[in-house]
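Notes follow once the structure below has been shown.
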Amino acid sequence: MQTLQVDLGERSYPIFIGEQLIDRGELLSRHIRGKQVAVVTNDTVAPLYIERLLHSLAGFSITPVVLPDGEGFKNWQTLQSIFDALLTSRLDRSATIIALGGGVIGDMAGFAAACYQRGVDFIQIPTTLLSQVDSSVGGKTGINHPLGKNMIGAFYQPQAVLIDTTTLATLPARELSAGLAEVIKYGLICDGPFLGWLESNIGKLRALDQAALTEAISRSCAAKARVVGADEREAGIRATLNLGHTFGHAIETHQGYGAWLHGEAVSAGTVMALEMSCQLGWLSVEDRNRAVRLLSRAGLPVVPPANMCAEDFLQHMAVDKKVLNGRLRLVLLKRLGEAVVTDDFPSEVLEATLNVNYEALTQELRT
Ligand code: NAD
Ligand code: GLY
């Protein structure tokens, strides 16, 4: 097992990474203050892993909260049903909420923990690649609003993150690829050598090679922990973690939550950010193509949806959380391994980026 640390003063916490960690009750119990625990999960993950987790938590009083599965349920109504369960079981302020599932469960359970009785402890047990490398670390919690992704939420750090890499064995291949979008993101924004490693190991990752997965997850978590430790509330550098997300969130919102997976939308959005960086003269065409090829080899879409025009993008991007004083800020690349957050670009370049024929641009690069 590897242990990383998110350094945030008194809100610091460990990330445990290893095989079969769900069965290691002692890793959890040392982070649980009281006797009451709510396990928030969904109807896909519960049949796979809840029994093992309950066994590890023997001795605690457990309230299982099993939600319907899907991004479409990441909303007020589902959040209310979590509160209903917590109150019905009379959980008090010493209770701990454990999120068992992907990013949807982690974001909602974390937000419930931030709000319930003005804040109770919570622990993340992420079971998708995307949640293991990104959403479980850093304390962003929340729900979607019909007008915008993740628009309602709170920064609220967990007590611990427990990553059992063997849970990925049951994850559908499409979901694994979606997680790879966020892994590749770290290479693009802050770790050029990691991109080379990913190019050599993408086949192993897709084949669920445990050693390769552990390496990719720990390098990703280390990068995320570094960035969050430096900028917890996204006053600066943390925004670079949103490479491709402004375009991607527009895709997710426009297509209807759940139609495109988050990682898929991020992948197509990343291609748009790469292309814009290219048009600004920062990134070379060769480097853009190299990144597009890797995304495609990861099994990800590199072309935005055909039913979206430039106007659709602009409309959805106007409600992005990085909009400041009415100006859109974007994460772009100065070069592979170096991202910037900027509003300093001519609007014509953005328009040109939105009007590119991505089908043609990526034709030779897709696998
Ligand atoms: P998800 O939570 O919807 O999980 C994907 C699917 O896999 C679901 O059907 C889920 O039930 C299933 N699943 C989960 N674990 C499984 C397993 N081990 N075996 C089989 N099936 C399993 O999606 P996700 O990609 O994990 O997360 C996406 C969400 O995360 C989005 O809502 C996004 O906004 C959010 N997100 C948040 C942050 C953050 O910093 N908080 C960062 C990135 C993404
Ligand atoms: N996923 C972006 C962040 O955590 O800041």
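Just so you know, all these numbers are worked out from the coordinates, no wet-lab data involved. Since this is a predicted model, take the numbers as computed values, not measurements. Cβ coordinates were reconstructed from backbone atoms using ideal geometry, including for glycine residues, and neighbour counts include every protein chain displayed.
When the alpha carbon coordinates of segment 157-206 are projected onto the principal axes, the ranges are 30, 28, 15 Å, largest first.
Taking every pair of distinct Cα atoms and averaging 1/r, then inverting, what Kirkwood hydrodynamic radius in Å comes out for segment 171-246?
13.0 Å
The Cα trace of segment 25-167 gives Rg and Dmax of 13.5, 43 Å, the first to one decimal, the second as a whole number.
In this calculation the C-beta distance from GLU10 to SER61 is compared with R0 = 25 Å, giving a FRET efficiency of 0.40. Ranked for footprinting exposure by Cβ neighbours inside 10 Å, fewest first, SER218, SER347 give SER347, SER218. Pairs with C-alpha atoms separated by more than 28 Å, drawn from the list LYS140/LYS185; LYS224/LYS322; LYS224/LYS334; LYS35/LYS321, are LYS35/LYS321.
As a rough footprinting exposure proxy, the listed residues GLU175, GLU252 were ranked by other beta carbons within 10 Å of their own, and the order from fewest upward is GLU175, GLU252.
Using a simple spin-label model with pseudo-atoms 7 Å out from Cα toward Cβ, PHE83 and MET151 lie 1.9 nm apart.
Counting only alpha carbon atoms, the long axis of helix 210-230 and the longest principal axis of the chain meet at about 90°. Note on the chain: Cα-only Rg and Dmax are 19.9, 62 Å.
Quick check: the angle from helix 192-206's long axis to the longest principal axis of the chain, C-alpha only, nearest 10 degrees? Once rounded, the angle reads 60 degrees.
Remark: THR362, THR3 ranked as THR3, THR362, counting other beta-carbon atoms within 10 Å and listing the fewest first. Projected onto their three principal axes, the Cα atoms of segment 259-354 cover extents of 38, 32, 21 Å, largest first. The Cα center of segment 70-111 and the Cα center of segment 174-231 differ in position by 28 Å.
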